[in-house]
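*Asks:* Handing you a structure now.
The values are calculated or read from the model by the stated rules, or taken from the named source; none is laboratory data. Not measured: the values here are computed from a predicted model. Positions of Cβ are backbone-derived with ideal geometry, glycine not excepted, and every protein chain shown enters the neighbour counts. Heads up: the accessible areas ignore ligands, DNA and RNA and are worked out on the full protein's heavy atoms, side chains in. Shrake-Rupley method; radii C 1.70, N 1.55, O 1.52, S 1.80 Å.
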Amino acid sequence: MASALRIALRNQTRAAFPRTSVRTFASARPQTLKERLAELIPQEIENVKAIKAEHGKKAFGQVTVDQVYGGMRGLPALMWDGSVLDAEEGIRFRGKTIPEIQELLPKAPGGQEPLPEGLFWLLLTGEIPTTEQVKELSADWAARAAIPTFVEELIDRCPSTLHPMSQFSLAVTALNHDSAFAKAYQDGISKKDYWGPTFEDSMDLIAKLPNIAGRIYRNVFGTGKLPAIDPSKDYSHNLSTLLGFGDNEAFVELMRLYITIHSDHEGGNVSAHTGKLVGSALSDPFLSFAASLNGLAGPLHGLANQEVLLWLRKMEKTIGENASDEQVKEYIWSTLKGGQVVPGYGHAVLRKTDPRYTAQREFALKHLPEDPLFKLVGQIYNIAPGVLLEAGKAKNPWPNVDAHSGALLTHYGLTQMQFYTVLFGVSRAFGVVAQLIWDRALGAPLERPKSFSSEAIKKMFADKQ
Ligand SMILES: CC(C)(COP(=O)(O)OP(=O)(O)OC[C@H]1O[C@@H](n2cnc3c(N)ncnc32)[C@H](O)[C@@H]1OP(=O)(O)O)[C@@H](O)C(=O)NCCC(=O)NCCS
């Protein structure tokens, strides 16, 4: 990034977040995330009250019958603070683009990619944490990382033929056994205090995901005994170690970038919305996030990263490696003519190349420019949008995040594509629980939109033009 932009960004951040707001006092230990949240929550409650008082009765969209039948596309219906998705520009996490967070968030010593710990802090507070605060978060998550023995046994008893996402969802559901929120609710906690145990459960959930993911990976693919979490290492480093790639610094950097960019994509996508919906019934964060995972496991959502690799491998088998542009084009047409989607392309909101794709492409250009699979992914990028445009159905012919991630993981030896969506799931927890904590803090109500039968819709418009 040009240094003028870097300086401008830094100044902007310093102006928005004076150092006093992220520290208790000069020589004391850094302020924790929970302490900072406790300060922010009363202010935000007042902020939301004021918004509702001033604008509560105003409309900012209309509902068409097409939207009711069409998956509610574009319907303005949800509150979500962590990130906002612009159709043309892509995602901004609390107002910051991916290049901006790559620049601003703390890094590991010698690292260049942002630490997801910092992203979590940003999602929750809108503020950039200090390096010490991020270090404390890494240590806190490492301390909470152990999973109960019965959950280990539950995972160990799953047949290796059970999809890793199903195992993941089972294990996360079972963590509800020790939910602080569920217990506090049973004990009669007051509504204004809901956010505290929700925060504790959310921290536990994020912390335990590497042990769950690592155990599933090693069981299913027979890659040996699970090592222990190292309390001196950051989250992504520990996750990489548990998967067997901790010695490869480039893979660890990839995980830092991967978790960061997959963490959140505003509130309407299937996994985010499902987590929020289930959480609105006051289901604890484990139950809510397990529901998110079941949505993420669908091929039109997170499972697309597995589907992309399957499709690439099938393509290589059919037309061979180093195929010509013409052969690749023909293969894409054959997919469409077979009534299938081109995985990794299209998006319900985006109308441009996904900046999460671009961030991964830049990582590949830096670390693995000569990788054959990366080259194929790049070749498809030059061809598929033209084919999809010519086919004339997809509103967005450009690649999304899933078009690229599998090629990067494959390069470093993580070739088991059935596992890819688990890594997406580990990442998506960050965004889902950040919003759950705020929903509890702001006293968000039960979600209950109105549904209509086709008969009712016909009657509604019977006497109208
Ligand atoms: C992501 C996705 C589900 C969005 O769906 P959407 O909002 O309904 O998309 P559109 O409005 O552009 O869909 C219009 C039509 O184009 C089709 N279309 C969209 N993307 C397509 C793709 N990549 N390949 C082929 N057809 C596609 C849709 O299936 C739909 O067909 P239909 O009218 O026969 O039902 C869709 O683009 C898709 O299936 N992509 C491939 C799977 C994928 O990569 N998912 C990960 C998303 S992050």
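*Asks:* Condition test on Ala142, is it touching a residue at least 12 places away in the same chain (Cβ under 8 Å), under 20 Å from Leu254 (Cα atoms) and in contact with a His (Cβ under 8 Å, 6 or more places away or on another chain)?
*Replies:* no
*Asks:* Just checking, how many residues over region 296-319 are open to solvent by 30 Å² or more (accessible area, probe 1.4 Å) and not aliphatic (A, V, I, L, M)?
*Replies:* The first filter runs over region 296-319 and keeps only residues open to solvent by 30 Å² or more (accessible area, probe 1.4 Å), leaving 297, 299-301, 307, 310, 313-314, 316-319.
Then drop every residue that is not not aliphatic (A, V, I, L, M), which leaves 299, 301, 307, 313-314, 316-318.
Number of matching residues: 8.
*Asks:* Any idea which of Arg361, Arg356, Arg351 is within 16 Å of the chain's Cα centre (by Cα), more than 8 Å from the ligand (Cβ to nearest atom) and charged (D, E, K, R)?
*Replies:* Working: Arg361 fails: within 16 Å of the chain's Cα centre (by Cα); Arg351 fails: within 16 Å of the chain's Cα centre (by Cα).
Only one candidate qualifies: Arg356.
*Asks:* Just to be sure I understand, how many residues within region 266-279 are open to solvent by 10 Å² or more (accessible area, probe 1.4 Å) and within 19 Å of Ile98 (Cα to Cα)?
*Replies:* Counting residues in region 266-279 that are open to solvent by 10 Å² or more (accessible area, probe 1.4 Å) and within 19 Å of Ile98 (Cα to Cα) gives 2.
*Asks:* Something else: Can you tell which of Ala359, Ala364, Ala348, Ala384 is outside any helix (DSSP H, G or I) and of a type in the set (A, V, I, L, M)?
*Replies:* On the way: Ala359 fails: outside any helix (DSSP H, G or I); Ala364 fails: outside any helix (DSSP H, G or I); Ala384 fails: outside any helix (DSSP H, G or I).
The match here is Ala348.
*Asks:* Taking Phe120 as meeting all but one of (1) assigned to a loop (DSSP other than H, G, I, E, B); (2) under 22 Å from Leu277 (Cα atoms), write down the number of the exception.
*Replies:* In the conditions (1) assigned to a loop (DSSP other than H, G, I, E, B); (2) under 22 Å from Leu277 (Cα atoms), Phe120 misses (1) alone.
*Asks:* Still on this structure, please answer the following. In region 271-278, is there at least one residue being touching a residue at least 24 places away in the same chain (Cβ under 8 Å), part of a loop (DSSP other than H, G, I, E, B) and either farther than 20 Å from Val134 by Cα or under 18 Å from the mean Cα position of the chain (by Cα) (or both)?
*Replies:* Going residue by residue through region 271-278, those that are touching a residue at least 24 places away in the same chain (Cβ under 8 Å) are 271-273, 275-277.
From what's left, part of a loop (DSSP other than H, G, I, E, B): none.
For region 271-278, residues touching a residue at least 24 places away in the same chain (Cβ under 8 Å), part of a loop (DSSP other than H, G, I, E, B) and either farther than 20 Å from Val134 by Cα or under 18 Å from the mean Cα position of the chain (by Cα) (or both): absent.
*Asks:* For region 390-404: of the residues being within 11 Å of the ligand (Cβ to nearest atom), open to solvent by 20 Å² or more (accessible area, probe 1.4 Å) and out of contact with any Leu (no Cβ under 9 Å at 6 or more places or on another chain), which is farthest from Tyr345 (Cα to Cα)?
*Replies:* Residue satisfying both the conditions and the ranking: Gly392.
*Asks:* Out of the residues in region 231-247 meeting the condition of being open to solvent by 50 Å² or more (accessible area, probe 1.4 Å) and closer than 20 Å to Pro114 by Cβ, tell me which one is farthest from the chain's Cα centre (by Cα).
*Replies:* Ser232
*Asks:* Listed residues Ala323, Ala407; which is closer than 27 Å to Leu257 by Cβ and buried (at least 17 other Cβ atoms within 10 Å of the Cβ)? Show your work before the answer.
*Replies:* On the way: Ala323 fails: closer than 27 Å to Leu257 by Cβ.
Only one candidate passes the filter, namely Ala407.
*Asks:* Within region 216-228, which residues are in contact (Cβ under 8 Å) with a residue 24 or more places away in the chain and either among the hydroxyl-bearing types (Ser, Thr, Tyr) or crowded, with 22+ Cβ neighbours inside 10 Å (or both)?
*Replies:* Residues satisfying the conditions are Ile216, Tyr217.
*Asks:* Of everything in region 92-140, what is under 26 Å from Ala364 (Cα atoms) and polar (S, T, N, Q)? Give them in sequence order.
*Replies:* Thr97, Gln102, Gln112 - these are the residues of region 92-140 that are under 26 Å from Ala364 (Cα atoms) and polar (S, T, N, Q).
*Asks:* Being polar (S, T, N, Q) and loosely packed, with under 15 Cβ neighbours inside 10 Å is the filter here, so list the residues in region 132-176 that pass it.
*Replies:* Thr149, Ser160, Thr161, Ser166
*Asks:* Considering only residues of region 333-345 that are assigned to a helix (DSSP H, G or I) and within 9 Å of the ligand (Cβ to nearest atom), which is least open to solvent (accessible area, probe 1.4 Å)?
*Replies:* Thr335
So that you can scan it fast, the table gives a plain yes or no per residue for (1) part of a helix (DSSP H, G or I); (2) more than 24 Å from Ile261 (Cα to Cα):
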{"residue": "Gln112", "(1), (2)": "no, no"}
{"residue": "Gln133", "(1), (2)": "yes, no"}
{"residue": "Glu136", "(1), (2)": "yes, no"}
{"residue": "Thr173", "(1), (2)": "yes, yes"}
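*Asks:* Taking Val426, is it buried (at least 18 other Cβ atoms within 10 Å of the Cβ) and either more than 14 Å from the ligand (Cβ to nearest atom) or assigned to a loop (DSSP other than H, G, I, E, B) (or both)?
*Replies:* yes
*Asks:* A further question follows. Just checking, how many residues over region 44-73 are open to solvent by 70 Å² or more (accessible area, probe 1.4 Å), among the small types (Gly, Ala, Ser) and farther than 24 Å from Ile437 by Cα?
*Replies:* Residues flagged as open to solvent by 70 Å² or more (accessible area, probe 1.4 Å), among the small types (Gly, Ala, Ser) and farther than 24 Å from Ile437 by Cα within region 44-73 amount to 1.
*Asks:* A further question follows. Would you confirm, using the coordinates I've provided, whether Ile189 is open to solvent by less than 50 Å² (accessible area, probe 1.4 Å) and assigned to a helix (DSSP H, G or I)?
*Replies:* no
*Asks:* Please determine whether any residue of region 368-386 is within 11 Å of the ligand (Cβ to nearest atom) and either open to solvent by less than 10 Å² (accessible area, probe 1.4 Å) or within 23 Å of the chain's Cα centre (by Cα) (or both).
*Replies:* Yes, the conditions are met somewhere in region 368-386.
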